[in-house]
1. For 314, 115, 25, 122, give the ranking by accessible area with the largest first, probe 1.4 Å.
2. If you rank 153, 4 by how much accessible surface each has, with a 1.4 Å probe, what is the order from largest down?
3. Need the list of lysines near residue 210 for cross-linking: C-alpha distance under 21 angstrom, and skip anything on the same chain fewer than eight residues off.
4. Per residue, how many Å² of accessible area does the chain show with a 1.4 Å probe?
5. With every protein chain left in place and a probe of 1.4 Å, what is the accessible surface of residue 140, to the nearest 10 Å²?
6. Relative contact order of region 2-105, please, whole-number percent, based on alpha carbon pairs below 8 angstrom and at least 6 residues apart.
7. Can you show me the helix-derived [θ] at 222 nm for the chain, built from DSSP H runs with n ≥ 4 at -39,500 (n - 2.57) apiece and divided by the number of residues, rounded to the nearest 500.
8. Quick one: ranking 200, 237 by accessible area, 1.4 Å probe, largest first, what do you get?
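The values are calculated or read from the model by the stated rules, or taken from the named source; none is laboratory data. In this text the structure is predicted, and so the values were computed from the model without any measurement. FYI the Cβ positions are ideal-geometry reconstructions off the backbone, even for glycines, and counts take in every protein chain you see. Areas reflect the complete protein model, heavy atoms only, side chains present, ligands, DNA and RNA absent. Shrake-Rupley method; radii C 1.70, N 1.55, O 1.52, S 1.80 Å.
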Amino acid sequence: MPDFSIGVDLGGTNLRIAAITTEGKLLEKVTLGTKLLSGPDHVIAEMCDAILRLSEQYRSSGALLGMGLGIPGIIDLESGTVRASANLPGWSNYPVREKAEQRLATRVLLENDAKVHALGEKWLGAARDVDNMAMITLGTGIGGAIVLGGEIFHGMNGMAGEFGHVTLEPDGVPCGCGNRGCAERYASATAIERMAREEIASGQAPALAKMAGSGEEFSAKSIYQLAVKGDEAAQRIFQKFGRALGILMADIVNVLNLEMYVIGGGVVSAWDAFAPSMFRELHERSTIYAATAPCDSATKQGAAAKVVVSTRQKTIITPAILGSDAGLFGGARLPAMGR
Ligand SMILES: [Zn+2]
């Protein structure tokens with residue numbers, strides 16, 4: 001039995017914990033509700049109780065190497081604290097690493113959740129065969145991560161890869177970050193709901209209006225289900241979404257020229273509804289993408305298609321395959337990577 005480590009995905013709703021071997025085998029997975037109102041001391045204590053139980057259970061078979069914790073927000077990597085997190089109010093400057101290490105007597109590593117997801121997809125998911133990749137996570141907002149030579153590129157202080165706050169519209173929708181027109185205002189679950197409300201206000205979306213007025217679920221998921229059934233207004237929303245994401249992806253591809261870009265997060269299950277318009281934008285707006293796109297990606301003749309360069313190596317843009325487990329696998333990978 002190989003050694004194992006613990007991966008933790010701390011979200012605003014759920015706290016998910018898994019014991020995973022160094023070979024990538026999931027031993028056990030535990031999901032707890034995140035009791036945010038009880039404060040960070042309580043949440044960390046519950047987390048540590050569950051981890052101690054897991055490590056006790058599997059100790060006879062292998063050594064516990066440590067634990068890696070993915071947190072939504074800006075992490076101070078040196079001090080092991082949460083600098084700022086919109087999803088975890090009251091956690092700013094909370095010494096997560098110190099508190100957890102006291103209880104667990106093992107190494108605890110903190111990392112931004114989108115970066116942990118990228119590590120998971122790099123290790124065992126869509127990007128397992130490439131060394132250089134970026135991940136774009138579409139959820140309530142947009143998370144981002146860049147992996148170079150198999151390791152997370154942090155930038156100066158851990159903030160590199162904030163794709164969600166790239167400006168798409170100079171005078172666009174205000175963003176929580178203080179800017180206007182950020183990508184995550186146009187290509188996230190929140191953006192889908194906003195665009196649906198705009199469609200309803202325009203009077204051109206009877207099925208959406210009916211859904212919103214019925215008291216039933218009104219979410220990116222239910223709007224996607226309408227699109228699948230052929231509702232034109234719902235389909236329009238995903239085309240706009242794909243266009244915005246395509247513009248963002250074209251910028252990222254132009255800047256990074258990596259082998260692979262993995263798109264993850266809950267919204268990626270609507271891939272078939274937004275991918276055609278995303279690939280159209282990519283072809284039209286990125287000369288690099290047009291020159292390196294795989295043959296099966298939608299071929300549209302845009303300005304970029306004039307570029308005559310053609311390379312053997314292709315730019316792959318693909319959906320993530322591990323789903324929310326990417327956060328657990330990536331978290332468990334952190335101690336093994338030694339950071
Ligand atoms: Zn922003």
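1. Working: 314 75, 115 0, 25 125, 122 30 Å².
Final ranking, largest accessible area leading: 25, 314, 122, 115.
2. On the way: 153 95, 4 0 Å².
Listed by decreasing accessible area, they come as 153, 4.
3. Within reach: 221, 229.
4. On the way: 15230 Å² over 339 residues.
Here the residues of the chain average 45 Å² of exposed surface.
5. In the full protein context, residue 140 sits at about 100 Å².
6. Relative contact order for region 2-105 comes out at 27 percent.
7. Details: 10 runs with 129 residues, N = 339.
Mean residue ellipticity, 222 nm, calculated: -12000 deg cm²/dmol.
8. Working: 200 50, 237 0 Å².
Highest to lowest solvent-accessible surface, that is 200, 237.
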